[in-house]
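The values are calculated or read from the model by the stated rules, or taken from the named source; none is laboratory data. Remember, predicted model here, so these are calculated numbers, not experimental data. Counting neighbours? That spans all protein chains shown, and the Cβs are built from the backbone with ideal geometry, glycine included.
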């Protein structure tokens, strides 16, 4: 698969004991498929993959694949602290029918570049599933360098990079640096919703978008404006979302999306403890933003 | 229990698939008990607790408790990403007979102070095991503040803090800052072998010591010199270990201890992948240091 356009990352509703609420998950994934997102990014960081067992991750994936019914490819988080576990998750995802695996170098002991290279290469080799590198230093505490991505992009089966969009004024240089180290056809996508639109305008292939996990049409309007060469419209739409981006930056997109799903009555959605649901003023701020924004 | 003196942190030998090698672990724990360390710190960060399943962690603990036979209290890592899993690990450890649990706020999504408070308080309340707070920002990416430690020290069952020793010249101020927020009898211990001796001289209650996981007598000589008021002798002994501390700082104490156990023929010891064993020059440097140092 080629990862392009809008990849929508839903939360993964689950009970307090970590059992995935398949019914609620289906209810979240269906509108993404109906809206026509380019892919669903299941079990991303916002999808709390790191907090779910292999069994529950498989159940979530089976449910999403069933809902999609082939309409939309499913990209699924396969990250794990141990290499053998990440390999098993990749094999599970391949057997289930996922289109690609999203692989973050989850760490406890800080990892070296050689360790991450060997880890990712093992998963690509033994997992049999196309791999999207997942650069997310805020959660993994590892930062991919261009040199490492260049080495990994030559490994068969490693097809894409998801990395945090830089500050908006740096988007062009940032993409040029990555383009310089990967082959043609290697997909360069960005995350961090608040900076992503400028990176898309600068030529990023994909937006790995948390907001679109609940509001796919808003994401699609932006991605289509960029695709049509209408940067002004993309920027205008993005600017209307500033209140949401401010909340993401203040409380994390994960906490804000869980609160949003709960406030919108889509599901009983609390993040896995120790992560606490937003309460009090932060929750009120999310409610206010949802009321003010046009996220239809 | 009161955590004081030398707590020796062994590695946890395990097969590539994550199964703990009980025989090898017993061979590592026995000399710690025979040497008379004040406690064994099983399944610390160097003991790769984060990479082992609940079942394997229980097996390791049972083996260590059996070897100790009550001679030395066992402090055991009970950290986990999910609160419910950390509670279960605390309950397991209590049922098995551990003296205390070492609880790091393991994170993927960065945690707030309120989240860590609720997490640790839940484990203390529901686990039924004395808890030593484990402040290790290099692996958890969370830093305990004096204000948070002050709040937690009032929770029944939270009895100690293990935190990274500061640069040697800051040791006095550092301990004074913690002493100011905890009640009398709350144990303040330090880790980070290379800075720990100065913190002990400044009055830290315990040394959570990785080196002593293989070389308990060297650790005991230092701790006893401090206890006898002979700071000069403690500093002299510590200075002889500078080559080891340099390797810890360059390659991490975990990688150096695995290489050491392997080089000394104590067990086939490789860290869990993705962490790679030291090879080539770094391994040679460890071998050279082991030959030169008096670690008997």
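Tabulated data for the structure shown
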| quantity | calculated |
| --- | --- |
| Tally of residues being in a helix (DSSP H, G or I) and touching a strand residue (DSSP E or B) at 6+ places or on another chain (Cβ under 6 Å) across region A:42-55 | 1 |
| Among the residues listed as B:102, B:65, the single one being away from every other protein chain (no Cβ under 11 Å) and either more than 13 Å from the chain's Cα centre (by Cα) or part of a loop (DSSP other than H, G, I, E, B) (or both) | B:65 |
| Scope region B:84-99; condition in a helix (DSSP H, G or I) and surrounded by fewer than 21 Cβ atoms within 10 Å (Cβ to Cβ); matching residues | B:84, B:85, B:88, B:91, B:94, B:95, B:96 |
| Filtered residues of region A:16-41 (kept if assigned to a strand (DSSP E or B) and more than 22 Å from residue B:107 (Cβ to Cβ)) | A:39, A:40 |
| All positions within region B:257-273 that are crowded, with 20+ Cβ neighbours inside 10 Å, more than 11 Å from chain A (Cβ to nearest Cβ) and not in a helix (DSSP H, G or I) | B:269 |
| Out of B:254, B:247, B:276, sole residue that is assigned to a helix (DSSP H, G or I), under 21 Å from the mean Cα position of the chain (by Cα) and within 12 Å of chain A (Cβ to nearest Cβ) | B:254 |
| Residue check, residue B:36 touching a residue at least 60 places away in the same chain (Cβ under 8 Å), on the phi > 0 side of the Ramachandran plot, away from every other protein chain (no Cβ under 13 Å) and over 15 Å from the mean Cα position of the chain (by Cα) | yes |
| Of residues in region B:68-84 being under 16 Å from the mean Cα position of the chain (by Cα) and away from chain A (no Cβ under 14 Å), the one nearest to residue A:274 (Cα to Cα) | B:76 |
| Unmet requirement for residue A:261, which otherwise passes all of (1) over 22 Å from residue A:36 (Cα atoms); (2) within 18 Å of the chain's Cα centre (by Cα) | (1) |
| Filter result for the condition that a residue is within 14 Å of chain A (Cβ to nearest Cβ), surrounded by fewer than 23 Cβ atoms within 10 Å (Cβ to Cβ) and in contact (Cβ under 8 Å) with a residue 60 or more places away in the chain, over B:139, B:109, B:53 | B:139 |
| Residues (modelled with pLDDT under 95 and either surrounded by fewer than 17 Cβ atoms within 10 Å (Cβ to Cβ) or more than 18 Å from the chain's Cα centre (by Cα) (or both)) located in region A:147-175 | A:167, A:168, A:169, A:170, A:171, A:172, A:173, A:174, A:175 |
| Unique match (being in contact with a helix residue (DSSP H, G or I) (Cβ under 7 Å, 6 or more places away or on another chain), surrounded by fewer than 20 Cβ atoms within 10 Å (Cβ to Cβ) and either touching a residue at least 40 places away in the same chain (Cβ under 8 Å) or part of a loop (DSSP other than H, G, I, E, B) (or both)) among B:219, B:229, B:203 | B:203 |
